[in-house]
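The values are calculated or read from the model by the stated rules, or taken from the named source; none is laboratory data. Just so it is clear, the structure is predicted and the values come from calculations on it, not from any experiment. Cβ atoms come from the backbone with ideal geometry, glycine included; neighbour counts cover every protein chain shown.
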Amino acid sequence: MTDHWMPSDLCPECGYAVDAATGVDGDAARPKPGDISLCLRCGAALEWDTSMVMRSVPEEALRELDAKTRRLIEGAKRHIKQRGLFPVSAKGQARVVKKA
Ligand SMILES: [Zn+2]
């Protein structure tokens, strides 16, 4: 997996400072607008807009994704919830789970 340092942004759900992204499934591509990521602190599904600012993804939009991507997101969210929240002061990464 390849880490990409990103302009620092805050998770709109929990305020966690996100400054990097790591692709899943060995995807080394840099995140681009429309990609969906997960906040590693709270597990919120986030999407980069055209200015590479993170926005929350509504549940109905997640339901429209393909089954494999939905399973990947749900599994990662479950893992994040079981692990518990990171402290807000920790450095964060968003994890890219779906390419636009
Ligand atoms: Zn968050």
Hey, could you check the range 24-67 for residues that are free of Cβ contacts under 8 Å to residues at least 24 places away in the same chain and part of a loop (DSSP other than H, G, I, E, B) and say which is surrounded by the most Cβ atoms within 10 Å (Cβ to Cβ)?
Val57
Looking across the range 32-47 at residues that are more than 11 Å from Ala76 (Cα to Cα) and in contact with a Ser or Thr (Cβ under 7 Å, 6 or more places away or on another chain), the single one that is farthest from the ligand (Cβ to nearest atom) is Pro33
Checking Pro12 against (1) within 13 Å of the chain's Cα centre (by Cα); (2) more than 13 Å from the ligand (Cβ to nearest atom); (3) modelled with pLDDT of 90 or more; (4) of a type outside the set (A, V, I, L, M, F, W, C), which test does it fail?
(2)
